[in-house]
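See structure below.
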Amino acid sequence: MRTQVAIIGAGPAGLLLGHLLKAEGIECIVLERRTGDYVLSRIRAGVLEQVTVGLMERLGLDGRIKAEGLPHDGFNLADGERLIRIDIAALTGQQVMVYGQTELTRDLMDATDERGLEVIYEAADVALHDIDGNSPYVTFSSAGARQRIDARFIVGCDGFHGPSRKAIPAGAGREFERVYPFGWLGILADVPPCNHELIYANHERGFALASMRSHTRSRYYVDVPLTEKVEDWSDERIWDELAIRLGPDAAAHIMRGPSIEKSIAPLRSYVFAPMRHGSLMLCGDSAHIVPPTGAKGLNLAASDVHYAAEALTGFFKRNDRDAISGYSDKALARVWKAERFSWSLTRLMHRFPEDGDFERAMQVAELDYIATSRAAQTSIAENYVGLPV
Ligand code: FAD
Ligand code: DHB
């Protein structure tokens with residue numbers, strides 16, 4: 001097979017890029033290791049920036065987001081009894097959209113046939129070749145047969161563990177990493193949310209987040225040591241812990257119900273730079289990971305895809321090679337700022353095992369400052385809604 005762009009991974013980044021390239025008349029094929037149903041079964045992010053919604057709008061695939069998404073004007077930081085509301089609408093003039101990653105992926109998936117976007121699911125043993133030159137190719141197994149796709153570019157949208165980043169020769173890039181000593185234990189349940197806006201809570205027993213997918217479906221998280229096993233957390237134990245950590249006001253409104261999904265996600269900050277090597281470009285989690293505290297992971301994947309689509313369009317439509325060579329710097333400028341925001345909000349809202357009284361006093365002082373300073377609130381709000389692309 002031959003195409004212009006071979007995309008590895010049909011998560012949100014790969015599908016979004018495929019649709020954007022198709023819309024520009026650029027040929028591409030998306031390769032995914034799993035089945036479509038498996039991709040849709042992964043419960044992940046829940047908050048979309050305007051930039052991400054804007055890309056769906058540009059594709060004309062924002063119908064369900066507009067109909068079913070929940071626009072939010074603010075969110076809350078809780079510390080013990082105190083609740084600090086960040087009025088993002090008043091401070092930035094923008095909103096965020098509460099809409100699950102699963103739903104966004106489904107919208108992109110549902111449109112593939114109609115728009116002629118070819119996605120090959122259950123592609124096994126995907127391997128990248130000749131990425132240093134201008135004629136890279138991808139090999140994989142499908143239905144028992146070994147296949148090959150020749151392309152002008154390969155875009156790695158295959159997440160943190162995928163083969164794309166690993167195909168870059170040692171020494172051709174640099175890794176920056178911070179691993180955190182805890183993970184987020186998430187629970188999804190068909191019960192109304194305890195609050196109409198999100199609450200990120202820093203409690204002496206640890207972090208908690210009250211989020212939602214709709215008026216009837218809630219998503220909650222508590223942080224747990226990496227040694228914890230999800231089997232040791234019954235639904236009741238999670239609800240009890242949430243009621244303590246989120247504080248009495250929220251606890252009074254928590255509706256309990258059986259979990260639809262329960263999982264632990266480790267927290268990590270990671271950047272691989274540069275985000276391009278030869279004819280391979282990286283987008284989303286294949287190039288970087290943020291801890292989930294700022295809701296930036298999926299949104300960064302979308303902004304990378306925006307820059308990558310722009311660069312590839314420049315190349316194929318205007319023979320603009322500089323567009324390709326400028327991709328990594330453009331994407332990384334936004335990535336680093338989101339890494340900083342996610343790291344600082346993680347630092348502010350979690351109790352780190354190595355922290356002493358001084359570090360805790362710094363959290364209290366920072367939360368005091370945020371509670372009383374419009375400038376501090378604006379800084380948080382403009383990062384939360386997403387910096388401009
Ligand atoms: P992915 O969604 O990981 O998609 C990559 C795709 O590539 C997958 O479909 C995968 O199957 C495929 N792939 C992998 N290897 C191969 C291969 N060898 N061949 C072919 N295909 C391959 N962000 C938030 O903002 N909030 C959250 O609550 C949140 N929770 C998360 C929980 C977990 C467990 C994880 C892992 C991430 C979470 N994130 C969250 C981050 C957010 O979900 C990601 O940033 C987002 O999914 C990135 O999209 P992506 O398309 O780059 O990568
Ligand atoms: C959700 C996840 C996040 O990481 C976050 O910051 C906000 C919401 C969620 O899954 O709903």
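Please treat every number below as a calculation from the coordinates, not as lab data. Since we're looking at a predicted model, the values are computed, not measured. Every residue, glycine as well, gets a Cβ built from its backbone with ideal geometry; the counts of neighbours run over all protein chains shown.
Listed values, structure above:
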| item | result |
| --- | --- |
| Residue exposure sequence - GLU68, GLU32 - by fewest surrounding Cβ within 10 Å | GLU68, GLU32 |
| The chain: Lys pairs at Cα distance under 26 angstrom, eight or more positions apart or on different chains | 14 |
| Net lengthening on full extension, ASP190/ALA172 (0.36 nm per residue, minus Cα-Cα) | 1.8 nm |
| Region 296-389: GluC sites (Glu not before Pro) falling in loop per DSSP and having at most 12 other Cβ within 10 Å | GLU354 |
| Spatial extent of the chain: Rg and Dmax, with the Cα atoms as the point set, Å | 21.1, 64 |
| Among VAL119, VAL179, VAL138: highest mean-square fluctuation, GNM of the chain, C-alpha pairs under 10 Å | VAL179 |
| Span per principal axis, largest first, for the Cα atoms of region 1-157 (Å) | 60, 34, 30 |
| Local electrostatic count, ASP190, Cβ distance below 12 Å [Lys/Arg +1, Asp/Glu -1] | +3 |
| Karplus 3J(HN,Hα) series, Hz, for region 216-227 with 6.51 cos²θ - 1.76 cosθ + 1.60 (x for Gly, Pro) | 10, 10, 10, 10, 10, 9, 10, 8, 9, x, 4, 7 |
| Among ASP304, ASP320, ASP357: highest mean-square fluctuation, GNM of the chain, C-alpha pairs under 10 Å | ASP357 |
| Residue exposure sequence - ARG237, ARG33, ARG213, ARG268 - by fewest surrounding Cβ within 10 Å | ARG237, ARG268, ARG33, ARG213 |
| Cut-off 12 Å between beta-carbons: net charge of the residues surrounding ALA124, Lys and Arg +1, Asp and Glu -1 | 0 |
| Cβ-based exposure ranking for THR216, THR378, THR105, in which fewest neighbours within 10 Å come first | THR216, THR378, THR105 |
| Net charge of Cβ neighbours under 13 Å - reference ARG256; Lys, Arg +1; Asp, Glu -1 | -4 |
